[in-house]
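J.: Just dropping this structure here.
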Amino acid sequence: MNTRNVARAIDSLRRGWPIAIRGAGEPVGLLAVETADAGRLAAFDPDGDSPILLSAGRAATLKLANQIDAAIPDSPVLVERTFWIDFDCAMALADPQLDMATPMKGPFRAIPVADRDVMAAALALARTAGVLPAFFVGAASEGAISIADIEDFEDPIHLAIAARAKLPVEGSVHSEIVAFRSPDSPGEHVALIVGQPDGGPPLVRLHSECLTGDVLGSLKCDCGPQLHAAIDAMEGTGWGILLYLRQEGRGIGLVNKLRAYALQDQGFDTVDANTRLGFAIDARDFRIAARMLELLGQTRIRLLTNNPEKVRVLQTTGIDVVERVPISLPPNRFNEKYLATKRDRTGHQL
């Protein structure tokens, strides 16, 4: 496994440089649409015939995904390149924010996906890099990473405790902060241990980073109030652990979350906004939380959540969730639809 090369590939995606991924056959060259430009596209594809890789979630909005593909929003779809699909048109294909401002020329035609595993790995890597999952597909011109490398890069087993210190916080002056770092990924996950362990299962909250809600006080979600309510609940029950996961926007990153906000302003709910962008409905990896709990020596917990998926993932990774404790906060006029979508479309329950 070579996770260093995967980290380099992620850096290349963010810089607009081509990468290559190797599957069972010949390596495939890929150039991320979002971070490229017309000049880089010409260098990557001098003949102008590289097809465009999109996710089925995005392709469905362009009437290019069949029903089987559309049911799996992050599966790969290839769009045939014709002479009039230049870089600007490809960017409009990749970014649904531009749908109203940039009417599609069309018609577009989907073509068979030969290297489906490679294409799916490319879309997954784009999500890890925080760029739109859309690529020009061409010949590989440099060293390729393997699908196994990408899968290993995402394995939470690499996570380790990096530092810890006492940290009095509002709501609990007897708290300790623990930082976790992976050698392969940027950004540190954090645990806040509230109170003193008493031998019983801690009350645990998995809280995904939300800059807009946690720091800026956004009213579009309930993240900030949930964060503070969780700390209060832990203090009230004696002790608990807040796991602060660096998985902004349900795992799609800050920039893409803001794109999703723009789509919500056009009338789409959070689920449809994510899939139109080409992302999974929820791209978070809760296995990271399980690894953090293992490192803290806590494998038997009470989980403060309305999300059954968190319970399921933790239990499949060896964490004994002895109780699911619901969390309920009053809605406001800005987040009513958001909360209803979580209830009605993603299975959240009190």
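The values are calculated or read from the model by the stated rules, or taken from the named source; none is laboratory data. Bear in mind that the values here come from a model prediction, so they are computed numbers and not experimental data. Quick reminder, even Gly has a Cβ in these numbers, built from the backbone with ideal geometry, and neighbours come from all protein chains shown. Calculation scope for accessible area: heavy atoms of the full protein, side chains included, ligands and nucleic acids excluded. Shrake-Rupley method; radii C 1.70, N 1.55, O 1.52, S 1.80 Å.
J.: Picking from Ala36, His189, Ala56, whose Cα lies most toward the positive end of the charge dipole for the chain (charges on Cβ: Lys, Arg +1; Asp, Glu -1)?
T.: Selected residue: His189.
J.: Continuing with the same structure: Roughly how much of Arg127 is accessible, in Å² to the nearest 10, using a 1.4 Å probe?
T.: In the full protein context, Arg127 sits at about 30 Å².
J.: Roughly how far apart, in whole Å, are the Cα centres of segment 169-225 and segment 11-56?
T.: So the two Cα centres are separated by 37 Å.
J.: Give me the dipole magnitude in Debye, nearest 20, for the chain about the Cα centre, with unit charges on the beta carbon: positive for Lys and Arg, negative for Asp and Glu.
T.: 580
J.: Have a look at Thr128, Asn332, Gly236 and report the one farthest towards the positive end of the charge dipole of the chain, computed about the Cα centre with Cβ charges (Lys/Arg +1, Asp/Glu -1).
T.: Gly236
J.: To the nearest 20 Debye, how big is the dipole of segment 1-127 about its Cα centre, given +1 on the beta carbon of each Lys and Arg and -1 on that of each Asp and Glu?
T.: Its charge dipole is roughly 300 debye.
J.: Here's something else I'd like to know. Among (i) -0.33; (ii) -0.55; (iii) -0.27, only one was calculated for this model; which label is it, if the read-out is log10 I(q)/I(0) by the Debye sum over Cα atoms at q = 0.07 Å⁻¹?
T.: Computed from the coordinates, log10 I(q)/I(0) by the Debye sum over Cα atoms at q = 0.07 Å⁻¹ corresponds to (i).
J.: Nearest-5 percent of antiparallel DSSP beta bridges in the chain?
T.: 70
J.: Can you tell me the order of 321-333, 131-143, 270-282, 208-220 when each peptide is scored by its average per-residue count of other Cβ atoms within 10 angstrom, highest first?
T.: Sorting 321-333, 131-143, 270-282, 208-220 by mean packing, highest first, produces 270-282, 131-143, 208-220, 321-333.
J.: Relative to the Cα centre, what is the charge dipole magnitude of segment 77-192, using +1 at the beta carbon of each Lys and Arg, -1 at the beta carbon of each Asp and Glu, and rounding to the nearest 20 debye?
T.: My answer is approximately 220 debye.
J.: With unit charges on the beta carbon (Lys/Arg positive, Asp/Glu negative), name the residue among Val311, Val271, Val79 whose Cα is farthest towards the positive pole of the charge dipole of the chain.
T.: Toward the positive end, the furthest listed residue is Val311.
J.: Place the peptides 283-293, 44-54 in order of packing, highest mean first, counting for every residue the other Cβ atoms within 10 Å and averaging per peptide.
T.: Output ranking for 283-293, 44-54: 283-293, 44-54.
J.: Would you give the gap between the C-alpha center of segment 301-350 and the C-alpha center of segment 282-299, rounded to a whole Å?
T.: Segment 301-350 and segment 282-299 have Cα centres separated by 16 Å.
J.: Please give the helix 3-15 orientation as an angle from the longest Cα principal axis of the chain, in degrees from 0 to 90, rounded to the nearest 10.
T.: 70
J.: Can I ask one more? Give the calculated FRET efficiency between Lys166 and Ala262 to the nearest 0.05, with a Förster radius of 35 Å applied to their Cβ-Cβ distance.
T.: It comes out at approximately 0.25.
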